[in-house]
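Notes to accompany the following structure.
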Amino acid sequence: VIGIVGGSGDFGQGLAERLRRAGNEVVIGSRTPRGDFVSNPEACRASEIVFLSVPPGGVEATARELAADLAGRVLVSVAAPIVFRNGRPGAAPGERSLAETAQEAAPAARVVAGFHTVSAKALADPDLTLDEDVLLCGDDAGAKEVVAGLVRDAGFDPVDAGGAERTGDVEAFARLVINLAYAQGRGPFVYRFEPR
Ligand SMILES: NC(=O)c1ccc[n+]([C@@H]2O[C@H](COP(=O)([O-])OP(=O)(O)OC[C@H]3O[C@@H](n4cnc5c(N)ncnc54)[C@H](OP(=O)(O)O)[C@@H]3O)[C@@H](O)[C@H]2O)c1
């Protein structure tokens with residue numbers, strides 16, 4: 001079972017649809033459980049793999065609140081520190097990456113950073129073939145392999161981008177890629193990192 005904390009948002013909804021289409025069972029978590037949405041702790045407890053799909057400003061507090069429920073789970077950190085000003089993505093500088101922040105807040109979780117460059121709009125478009133690479137970073141090789149499997153399930157190609165120390169680079173890279181897509185009038189963007 002795959003849980004998506006904050007899965008009521010655009011990214012979580014799109015990802016849930018793609019993962020379900022690939023045959024996975026997906027549980028959506030929310031701060032306000034309603035309808036098909038369960039509480040975030042419930043989504044964590046029901047799942048072996050959990051996506052932390054809340055806005056950057058909510059990562060630390062959410063990971064801390066859910067730390068006990070996340071113990072032993074693979075935790076996919078998808079947040080990038082991007083702040084939109086006048087409709088353009090810009091930097092929200094921080095000393096630590098959001099993935100490192102999540103790891104510190106939920107020490108027993110097996111954090112893998114990834115999916116930052118996957119567009120929610122692209123996920124939501126069923127006619128779009130998502131021929132793109134997904135960079136994954138983390139120190140837990142087993143957890144990274146599990147997430148790589150999900151990346152393939154969702155129709156992407158996983159790329160091992162290094163350990164936890166690389167997560168800040170990947171989050172910043174996402175900001176660059178999204179900036180380029182906006183500047184070039186492309187959207188939803190699809191990105192390839194490796195030459196084919
Ligand atoms: N949008 C994209 O194209 C995209 C692409 C790649 C990665 N991402 C990353 O994916 C994450 C989610 O993106 P999104 O566009 O789906 O975001 P979003 O719609 O702004 O937020 C997702 C959900 O998080 C919950 N939430 C909001 N504020 C929160 C807070 N302070 N603390 C805890 N939960 C909160 C809300 O759910 P409830 O009210 O139901 O709890 C909301 O529906 C972000 O970190 C983003 O950087 C997004």
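The values are calculated or read from the model by the stated rules, or taken from the named source; none is laboratory data. If you're wondering where the values come from, they're calculated on a predicted model, not measured in any experiment. All Cβ positions, even for glycine, are placed from backbone atoms using ideal geometry, and neighbour counts span all protein chains on display. Calculation scope for accessible area: heavy atoms of the full protein, side chains included, ligands and nucleic acids excluded. Shrake-Rupley method; radii C 1.70, N 1.55, O 1.52, S 1.80 Å.
Worth a mention:
- Against the list (1) open to solvent by 70 Å² or more (accessible area, probe 1.4 Å); (2) touching a helix residue (DSSP H, G or I) at 6+ places or on another chain (Cβ under 6 Å); (3) near the ligand (Cβ under 6 Å from one of its atoms), the condition Gly57 fails is (2).
- Hey, Ile4 within 14 Å of the chain's Cα centre (by Cα), within 19 Å of Lys121 (Cβ to Cβ) and not charged (D, E, K, R) or not: yes
- Residue count for the range 2-28, restricted to those that are closer than 19 Å to Ser39 by Cβ, open to solvent by 50 Å² or more (accessible area, probe 1.4 Å) and out of contact with any Gly (no Cβ under 9 Å at 6 or more places or on another chain): 1.
Yes/no per residue for (1) more than 9 Å from the ligand (Cβ to nearest atom); (2) among the hydrophobic types (A, V, I, L, M, F, W, C):
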residue: Asp10; (1), (2): no, no
residue: Glu17; (1), (2): yes, no
residue: Arg20; (1), (2): yes, no
residue: Gly29; (1), (2): no, no
residue: Pro33; (1), (2): no, no
residue: Ala43; (1), (2): yes, yes
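- Against the criterion of being within 11 Å of the ligand (Cβ to nearest atom) and free of Cβ contacts under 8 Å to residues at least 12 places away in the same chain, Ser77 does not qualify.
- Per-region count, the range 171-182, residues of a type outside the set (Gly, Ala, Ser) and either modelled with pLDDT of 95 or more or open to solvent by less than 10 Å² (accessible area, probe 1.4 Å) (or both): 2
- Residue tally, condition among the aliphatic types (A, V, I, L, M), at pLDDT 90 or above and within 12 Å of the ligand (Cβ to nearest atom), over the range 106-140: 4
- Residue count for the range 120-147, restricted to those that are surrounded by fewer than 24 Cβ atoms within 10 Å (Cβ to Cβ) and farther than 27 Å from Gly72 by Cβ: 13.
- In the range 62-98, the residues that are under 22 Å from Leu135 (Cα atoms), modelled with pLDDT of 95 or more and small (Gly, Ala, Ser): Ala63, Ser77
- Against the numbered list (1) among the aliphatic types (A, V, I, L, M); (2) part of a strand (DSSP E or B); (3) away from the ligand (no atom under 16 Å from the Cβ), Ala143 comes up short only at (2).
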